[in-house]
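Below: one structure, written as structure tokens.
The values are calculated or read from the model by the stated rules, or taken from the named source; none is laboratory data. For clarity, every value in this text was computed on a predicted model and none was experimentally measured. Virtual Cβ from ideal backbone geometry, glycine too; neighbours counted across all protein chains shown. Just the protein is used for accessible areas: all its heavy atoms, side chains included, with ligands, DNA and RNA removed. Shrake-Rupley method; radii C 1.70, N 1.55, O 1.52, S 1.80 Å.
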Amino acid sequence: MSKRAIVTGITGQDGSYLAELLLEHGYEVVGAARRLSAPNHWRIEHLLDRIELRPADLLDQLSLIRLVDDVRPHEIYNLAAMSFVPASWDQPILTGEYNSLGVTRMLEAVRHVDTSIKVYQASSSEMFGKVRETPQNELTPFYPRSPYGVSKVFAHYITVNYRESYDMFAVSGILFNHESPRRGLEFVTRKVTDGVARIKAGQAETLSLGNLDARRDWGFAGDYVRAIWSMLQQERADDYVIATGTSHSVRDLVETAFSHAGLDWRDHVRTDPALMRPAEVEHLIGDPSRAKAELGWRPSVDFPGLVRMMVDADVERVARGLADAAGTAGMGAAGR
Ligand code: NAP
Ligand code: F7E
């Protein structure tokens, strides 16, 4: 019998890669999507004849109960969230509604319908924020630096709490930054690779960025969804850090991306104080030892390989004249 899974956030970066992976594993995939006035299916267009989409919104408790009750899945991957950190300063209350209470609503739906359904919650390295130790592992204390980070700490602990209170198989993956050609255009990797492609094509001269000194542990989203799936296949529910174990600065990212396109970044990149954050997360680097030992997980794409993949995809997209085809939705927060 094939397994059934619900993926919330299926229209997002991770949802699209996870849906592909679940289909490869023979799952029936039900994607939960909120209603929008125009479809936002560019990441899952190629999957639409193999998945089922159902309406549900993290803000609406009954929509989640109905979804879980109708589908009766074996597994739920709760990826939906307001995921852009700067927007969380603009809309902290809505961020909490989606990312904290929304997760609680999903857990409540599972508790109400069937506590044997396994649940994955998308936790984040942003919970480490102003880091207490380096590198960060599953036991590193949290010190979030944005409403987004704070909202994810709530979600993380409510997931632990439902596991411990109701004996649910509920796990959190503490994922460090992961990117791909399907990343939203406002995140720094994609902003840079899209900028490189436009400059290369003569459509732009300059690219404005914020803090070039911030360092992140960047991996490839396609690798990270393998870890997500694997966490729900374990005997025992536990939380895992997923990271590459290496970090680079935004400046490294810029240098690597521009030079791959044969450009000198110093001729094009400007820094704009308006793009600095009220409280920055300076340096994140993860220790994925537990995931390596218990899940047998390894990343397959390194930092230069990731940047090259993203630059090549954007150069090709811009050359084909598809300048707006990928991810213009969600650019509400001044492009930071
Ligand atoms: P993403 O591309 O921004 O996708 C977010 C998804 O959530 C979209 O499908 C969006 O739907 C959906 N969504 C937002 N609000 C919703 C609501 N109220 N009801 C239903 N759906 C809603 O994010 P991602 O990069 O794939 O990340 C997936 C998850 O992992 C998120 O929870 C994120 O916070 C977390 N995370 C990401 C990273 C990373 O580096 N990518 C690292 C750690 C954790 P629309 O298409 O309708 O907007
Ligand atoms: O910023 C700096 C910025 O927006 C990375 C989300 O997926 O990963 C992501 O959060 C760094 C920051 O990602 C620009 O100040 C400089 O230090 O790409 P980002 P993020 O904030 O790390 C975590 C793990 C998540 O969970 C989140 O959902 O880059 N930076 N100049 C810039 N960042 C942006 N966006 N734009 C700039 O112009």
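Which is in contact with a helix residue (DSSP H, G or I) (Cβ under 7 Å, 6 or more places away or on another chain), part of a helix (DSSP H, G or I), at pLDDT 95 or above and away from ligand 1 (no atom under 16 Å from the Cβ), of Arg198, Arg266, Arg251, Arg226? It would help to see each step written out before you state the result.
Numbers: Arg266 fails: in contact with a helix residue (DSSP H, G or I) (Cβ under 7 Å, 6 or more places away or on another chain); Arg251 fails: in contact with a helix residue (DSSP H, G or I) (Cβ under 7 Å, 6 or more places away or on another chain); Arg226 fails: away from ligand 1 (no atom under 16 Å from the Cβ).
Within the list Arg198, Arg266, Arg251, Arg226, the selection yields Arg198.
If Arg54 satisfies every condition in (1) surrounded by fewer than 19 Cβ atoms within 10 Å (Cβ to Cβ); (2) assigned to a loop (DSSP other than H, G, I, E, B) but one, which is the exception?
(2)
Filter region 61-96 down to the residues that are open to solvent by 60 Å² or more (accessible area, probe 1.4 Å), charged (D, E, K, R) and in contact (Cβ under 8 Å) with a residue 24 or more places away in the chain, then identify the one that is nearest to Gln234 (Cα to Cα).
Restricting to residues being open to solvent by 60 Å² or more (accessible area, probe 1.4 Å), charged (D, E, K, R) and in contact (Cβ under 8 Å) with a residue 24 or more places away in the chain, the top hit is Arg72.
Please find, within region 269-296, the residue that is nearest to ligand 1 (Cβ to nearest atom) out of those that are outside the structural domain of Ala204 (by TED's automatic domain parsing) and more than 22 Å from Pro144 (Cα to Cα).
Ala291
Every residue in region 163-197 that is acidic (Asp, Glu), over 13 Å from the mean Cα position of the chain (by Cα) and surrounded by 24 or more Cβ atoms within 10 Å (Cβ to Cβ), please.
Asp194
Return the pairs, sorted by first residue and then second, in which the second residue is at pLDDT 95 or above and acidic (Asp, Glu), the first residue lies in region 179-206 and is over 19 Å from Phe303 (Cβ atoms) and within 11 Å of ligand 2 (Cβ to nearest atom), the beta carbons are less than 7 Å apart, and the residues are 6+ apart or on different chains.
Leu185/Asp194
I need the strands (runs of 3 or more DSSP E) fully contained in region 73-182, keeping only those with at least 2 residues that are at pLDDT below 95, polar (S, T, N, Q) and outside the structural domain of Val315 (by TED's automatic domain parsing).
Numbers: elements: 75-78, 118-124, 170-175.
Once the strands (runs of 3 or more DSSP E) in region 73-182 are filtered for at least 2 residues that are at pLDDT below 95, polar (S, T, N, Q) and outside the structural domain of Val315 (by TED's automatic domain parsing), nothing remains.
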